[in-house]
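Below: one structure, written as C-alpha cells.
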Amino acid sequence: MSEENIVYIGNKPVMNYVLAVVTQINTGTSEVILKARGRAISRAVDVAEIVRNRFIPDMDVENIAINTEEIVGNDGVSTNVSTIELQLKK
C-alpha cells in the first residue's frame, strides 16, 4: 500500500474526503485507506458510508483497525488519542 492511497480525515467537510476517495478510485486504484483520530473518527465512518452507499456501491470495507496513540503536548503532558484505519476495497 503506497502513501498516495491514504486519505487523512481532518476538519474539512465530509464531501471533500468523499471526493478524494472517489477520485482515487476513478484513477484506477482498487484500494483506499481512510485514517482518522480523535473526533474525526466519526467523520471517517461517514465518508466510508457515503462512498459505499451513494457513489461506489461495489466498494466494501475490507478491514478496520483501531488503536490508541499517545500525544505529548507543548506543556509536556501526554494524552491518549484513539485512531482508526478503514480499508476500502473495490
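The values are calculated or read from the model by the stated rules, or taken from the named source; none is laboratory data. All figures in this text were calculated on a predicted structure; none of them were measured in a lab. Neighbour counts are summed over all protein chains in view; Cβ atoms, including those assigned to glycine, are modelled from backbone coordinates with ideal geometry.
Would you check if there is a residue in the stretch 38-61 being in a strand (DSSP E or B), touching a residue at least 40 places away in the same chain (Cβ under 8 Å), touching a helix residue (DSSP H, G or I) at 6+ places or on another chain (Cβ under 9 Å) and of a type in the set (G, A, S)? The answer is no, given that none of the residues of the stretch 38-61 is in a strand (DSSP E or B), touching a residue at least 40 places away in the same chain (Cβ under 8 Å), touching a helix residue (DSSP H, G or I) at 6+ places or on another chain (Cβ under 9 Å) and of a type in the set (G, A, S).
Being in a loop (DSSP other than H, G, I, E, B) and without any contact (Cβ under 8 Å) to a residue 12 or more places away in the chain is the filter; apply it to the stretch 1-22 and report the residue that is surrounded by the most Cβ atoms within 10 Å (Cβ to Cβ). The extreme case among them is K12. Residues that are surrounded by 13 or more Cβ atoms within 10 Å (Cβ to Cβ), closer than 21 Å to N5 by Cα and not β-branched (V, I, T): does the stretch 65-76 have at least one? No; the residues of the stretch 65-76 include none that is surrounded by 13 or more Cβ atoms within 10 Å (Cβ to Cβ), closer than 21 Å to N5 by Cα and not β-branched (V, I, T). Would you pick out the residues in the stretch 27-50 that are over 21 Å from V81 (Cα atoms), at pLDDT 95 or above, of a type outside the set (D, E, K, R) and out of contact with any Leu (no Cβ under 7 Å at 6 or more places or on another chain)? Residue satisfying the conditions is I50 alone.
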